[in-house]
Amino acid sequence: MQLRVKTKLSLGLGFLFAVIVLIGGLGAFYINRIASNSKEILKDNYESIQYSKSMLQGIDAFEGDSVKFIKNFEENLILQEHNITEIGEKEYTQALRNQYHSVRSGGMNHQSLQKLKEYLYNITDLNMQAILRKNNTAQASADRVLTYIGVISAICFIIVFTFIINFPGYIANPIKQLTESIKQIAGKNYHQRLHFQSNDEFGELAEAFNSMAKKLEDYESSNLAKI
């Protein structure tokens with residue numbers, strides 16, 4: 001089935017629109033993916049570091065006010081227990097919880113508080129390493145995204161450039177040929193014919209023009225014969 005000129009124009013413009021949507025959609029998808037990874041880093045690791053920091057500050061600021069210390073430490077420890085995301089973090093947090101119970105029951109001396117600090121340093125270090133690892137992964141992912149978008153954009157650019165160069169000729173060349181043929185007919189060159197290799201509107205136009213030229217040629221021949 002041959003497509004009409006209007007349909008081909010619609011398909012051509014639709015193709016250009018699809019290319020724009022494709023590039024824009026890919027860019028939005030990968031940007032959203034990178035943003036999502038960044039949010040996960042904040043939730044999974046940064047918050048754990050903040051909880052550990054608050055507990056460490058509470059230990060350093062401890063001056064015998066056990067009620068205030070216990071309230072602050074307990075709140076942050078519970079938050080940390082609900083934000084375990086890394087391998088080994090659960091064990092460190094459980095050890096911290098056990099040492100905390102030991103501190104509360106056995107007195108808050110320098111040695112027991114120092115043990116709490118060690119577990120908090122372990123949790124902090126674990127999450128810092130995770131942030132570094134995830135940051136490197138996110139950076140590598142961003143580099144791959146730029147490569148993918150660059151390759152896809154280059155391919156789309158070549159296709160669109162080829163389309164822009166060739167498609168106008170599909171419309172302009174038949175019109176140019178028709179104009180030249182009409183000039184030939186006006187100059188009484190009734191042997192002129194159009195040959196469009198298509199069954200669309202241009203093909204119909206060529207058939208109508210050739211039919212007109214043949215009739216004019218026959219009419220011219222009959223007049224000459226009469227003379």
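Could you state the orientation-averaged shadow area of the convex hull built on the Cα atoms of region 55-133, in nm² to one decimal? Please list the in-between numbers first.
On the way: hull surface 19.8 nm².
Seen from a random direction, the Cα hull of region 55-133 projects 4.9 nm² on average.
Determine, for each peptide in 204-214, 70-80, the mean count of other beta carbons within 10 angstrom over its residues, then list the peptides with the highest first. Please list the in-between numbers first.
Values: 204-214: 14.9, 70-80: 16.7.
Result, highest mean first: 70-80, 204-214.
Could you check how much of the accessible area of the chain is carbon and sulfur, as a whole percent, using a 1.4 Å probe? Write out the running numbers ahead of the final one.
Numbers: 9170 of 15040 Å².
After summing per-atom areas, the C and S share lands at 61 percent.
What is region 103-226 by shape, rounded, prolate or oblate, if you read a ≥ b ≥ c off the alpha carbon gyration tensor as root eigenvalues and call it rounded for a/c under 1.5, prolate for a/b larger than b/c, and oblate otherwise? Please list the in-between numbers first.
On the way: a/c = 12.11, a/b = 8.00, b/c = 1.51.
Taking the square roots of the gyration eigenvalues as a ≥ b ≥ c, region 103-226 is prolate.
Per residue, how many Å² of accessible area does region 171-227 show with a 1.4 Å probe?
Numbers: 4080 Å² over 57 residues.
Averaged over the residues of region 171-227, the accessible area is 71 Å².
Treating each Cα of the chain as an identical point scatterer and ignoring solvent, apply the Debye formula and state log10 I(q)/I(0) at q = 0.09, 0.16 Å⁻¹.
Those come out to -0.65, -1.06, one per q.
What's the center-to-center distance, using Cα atoms, between region 69-86 and region 160-196 in Å?
About 80 Å separates the Cα centre of region 69-86 from the one of region 160-196.
Given the Cα-Cα distance of Arg133 and Ile152 and 0.36 nm per residue of separation, how much length would full extension add, in nm?
Values: separation 19, 0.36 × 19 = 6.84 nm, distance 2.85 nm.
Separation in residues times 0.36 nm, less the Cα-Cα distance, equals 4.0 nm.
What FRET efficiency would be calculated for the residue pair Ser141, Phe163, taking the C-beta separation as r and a Förster radius of 35 Å, to the nearest 0.05? Display every interim value, and only then the final one.
Values: r = 32 Å, r/R0 = 0.92.
For R0 = 35 Å, the calculated efficiency reads 0.65.
The values are calculated or read from the model by the stated rules, or taken from the named source; none is laboratory data. All values reported here derive from a predicted model rather than from experimental measurement. Quick reminder, even Gly has a Cβ in these numbers, built from the backbone with ideal geometry, and neighbours come from all protein chains shown. Side chains are part of the model used for accessible areas, which takes the heavy atoms of the whole protein and leaves out ligands, DNA and RNA. Shrake-Rupley method; radii C 1.70, N 1.55, O 1.52, S 1.80 Å.
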